[in-house]
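Here's the structure we're looking at; comments come further down.
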Amino acid sequence: MLDVFDRAFDTAPLMAVFVAVALGHLVGKIRYGRFVLGGITGSLIVGMLLGQLGIHLDGSVKTVFFALFIYAIGFQGGPQFFRALNRRSLNFLLSACVTCFAGLACVLISAWIFDLDRGTAAGLAAGGLTQTSILGTAGDAVTRLDLSPELIKTLQTNIAIGYAVCFIFGNLGPIIVVSWFLPMVMNWDIRQEAIKLAKSMSGGRSELEPGQFNALGPVATRVYRVTPQSSAVDLTLKEIDRHLSNAAIEAVIRDNNALHQDDHIKIQSGDQVAITGLLSGMGTLHCYFGPEEAAPHEIQVVEEVRSIILTKSQFAGKTLEDIYHHLEVQNRHGAFLIGIRRMGRDLPPLSKLELNRGDELVFLGASADLGRVQSLIGYALPAAALTDFFFFGFGMAFGMMIGLIEFDIAGVPVSAGAGGGCLVTGLLFGWLRSTRSQFAALPSGASNFLRDFGLAFFVAVVGISVGPEAYETIQQHGFTLLFLGVGVTIIPQIITFYFSFHILRIRNPIELLGCIAGGRSANPAFTVLLEKSGNATPVVSFTLTYVVANVLLTIWGPLIIFIITQNPSP
């Protein structure tokens, strides 16, 4: 059976990549307690095993997959990255920078003390700091060194092995530090601190599992029978709507027929009115109209849920409370905010939450009402349902062109590589999309697919390519790398904590823990922090620092290859 696969992979080597991704994600689902290996690490391990068959893949395949992944990362983080470069977000930005530079320092010191070669050091950074993109940028930088093909292959193998050995604790370490060690040392109750923060921002809500929803939503539609004594009798819809700041009449039902919606319709005794509004403001509507009734079965009240991307500069940097008061009643009337997302993560819709350009605001209401709000805030997400392939293709091509630019530092040729170049263009076009909605459309579903697809297949190709040398390298450096990985994972977080708490004076526990998790680009730690918080308050600080960390840590790959000059012994 093995011979059959061996011949098949020789004939169609790309088949092995798909097999590695499929089996890797299957292996990655294996759970031990709270720990899950993950599909990416699983793909790398399965790829290494398949690599023992001597499968040969063209090097450009790896470059293309990584370029797709890194462009999507840049595009999604562009709006938040450029927003971070201002005084308002300075403390969070500095906290993320401290984490990233402390991580780099730990890697360089470890390489110097333990005489690590540049490939092993880059792998230590990729695994210990759980930044998979370092695999690509460091591996690309190695190919540009003036070394023999055999030595380049050895360095690339060492990068992958260092990543694989250090990645497991690289994921576990931030979970331990953020969710247990620091709260224990500081005597913090994460749940209570999250409740306090939510209260200071005027709200708070628990985080739901996939498939769950809040049955007690903030918006509802109810039907009332207008009585002869109602104050609404003989008033027009326009006149009534002036009194309903947090509700709107969506339909008037007369003699079991829904009337054409018109601002000048006068309400009569015996009419049924369908009202959509905030539950908090609907408790007294029966006093105004009459008793609540069941809606007639043959009548429909059609409303829409619309995602609107915030692009207008007058609202960027403002809180929800500020925006609510800035918009006049007639402009926001009938449109109800039910959700906010940033970089695909749900934010708590609290009055003190500060909104950024590129945030996705989810509204519920009638189409006409939503269209009015949309014109004031930005553009509707459905309008971006199709990818702008001109900007996507140009961004990828221009990024690869930037990666070809070389310059000498101390006689050593240095370049950004395809990954670094595509990161730059992804950031620029992501920012462009948030400011000029008519350009560079790349829907979130498409960008998520490019990110996950590119990363999974890139890692599988790396595993297959380094497979033959993997066993020997693990025997040589395995225990040392594991020990060093623990240090690279833990030490930067401790440094960041003391610097952020005492120097930057980020004293709120939830914001500080979110900064530490984000500065380490530690998604598992963030997930546990969210669970212990019981609401979405950590999202804000995590999102901002996560974007900065993704950019800086990605750059560390070629930087480590340049700074460390030690090569593997022949």
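The values are calculated or read from the model by the stated rules, or taken from the named source; none is laboratory data. Bear in mind that the values here come from a model prediction, so they are computed numbers and not experimental data. Here the Cβ positions follow ideal geometry from the backbone for every residue, glycine too, while neighbour counts run over all protein chains shown. The protein model used for the area step is the full one, side chains on, heavy atoms only, and it has no ligands, DNA or RNA in it. Shrake-Rupley method; radii C 1.70, N 1.55, O 1.52, S 1.80 Å.
General observations
- Residues of segment 133-158 that turn out to be within 28 Å of PHE453 (Cα to Cα) and open to solvent by 20 Å² or more (accessible area, probe 1.4 Å), as a count: 7
- Subset of segment 555-570 [surrounded by fewer than 24 Cβ atoms within 10 Å (Cβ to Cβ) and either under 20 Å from THR99 (Cα atoms) or in contact with a Pro (Cβ under 6 Å, 6 or more places away or on another chain) (or both)]: ILE555, LEU559, ILE563
- Within segment 476-505, being out of contact with any helix residue (DSSP H, G or I) (no Cβ under 9 Å at 6 or more places or on another chain) and among the hydroxyl-bearing types (Ser, Thr, Tyr) holds for one residue alone: TYR498.
- Per-region count, segment 361-415, residues at pLDDT below 70, farther than 16 Å from ALA440 by Cβ, of a type outside the set (Asp, Glu) and open to solvent by 40 Å² or more (accessible area, probe 1.4 Å): 7
- Condition check for ALA274 on (1) modelled with pLDDT under 85; (2) out of contact with any helix residue (DSSP H, G or I) (no Cβ under 6 Å at 6 or more places or on another chain); (3) crowded, with 17+ Cβ neighbours inside 10 Å: one failure, at (1).
- The residues of segment 528-546 that are part of a loop (DSSP other than H, G, I, E, B) and hydroxyl-bearing (Ser, Thr, Tyr) amount to a single one, THR537.
- Output for segment 132-170, where each listed residue is of a type in the set (Gly, Ala, Ser) and assigned to a helix (DSSP H, G or I): SER133, GLY136, ALA138, GLY139, ALA141, ALA160, GLY162, ALA164, GLY170
- Positions within segment 149-169 being modelled with pLDDT under 90 and not β-branched (Val, Ile, Thr), in sequence order: PRO149, GLU150, LYS153, GLN156, ASN158, ALA160, GLY162, TYR163, ALA164, CYS166, PHE167, PHE169
- Each residue in segment 354-376 was checked for being closer than 18 Å to VAL219 by Cβ and either in a loop (DSSP other than H, G, I, E, B) or hydrophobic (A, V, I, L, M, F, W, C) (or both), and 8 pass.
- With respect to being of a type in the set (Ser, Thr, Tyr), open to solvent by less than 10 Å² (accessible area, probe 1.4 Å) and farther than 17 Å from ALA102 by Cβ, SER533 fits the description.
- Counted residues, segment 331-360 - those being touching a helix residue (DSSP H, G or I) at 6+ places or on another chain (Cβ under 9 Å) and open to solvent by 50 Å² or more (accessible area, probe 1.4 Å): 9
- Qualifying residues in segment 169-193 (those that are aliphatic (A, V, I, L, M) and under 15 Å from GLY487 (Cβ atoms)) - the one surrounded by the fewest Cβ atoms within 10 Å (Cβ to Cβ): ILE176
- A count restricted to segment 252-267 and to residues that are part of a strand (DSSP E or B) and at pLDDT 85 or above stands at 4.
- Taken as a whole, the condition of being more than 23 Å from the chain's Cα centre (by Cα), of a type in the set (A, V, I, L, M) and open to solvent by less than 20 Å² (accessible area, probe 1.4 Å) applies to ILE161.
- Among the residues of segment 293-346, those that are at pLDDT below 80, closer than 23 Å to GLY514 by Cβ and touching a Lys or Arg at 6+ places or on another chain (Cβ under 8 Å) comprise ALA316, GLY317.
- Any hit, segment 24-35, residues being surrounded by fewer than 20 Cβ atoms within 10 Å (Cβ to Cβ) and modelled with pLDDT of 85 or more: yes
- In segment 478-507, the residues that are in contact (Cβ under 8 Å) with a residue 12 or more places away in the chain, assigned to a loop (DSSP other than H, G, I, E, B) and open to solvent by 30 Å² or more (accessible area, probe 1.4 Å): ARG505
- Residue within segment 452-473 that is at pLDDT 80 or above and among the acidic types (Asp, Glu) present: yes
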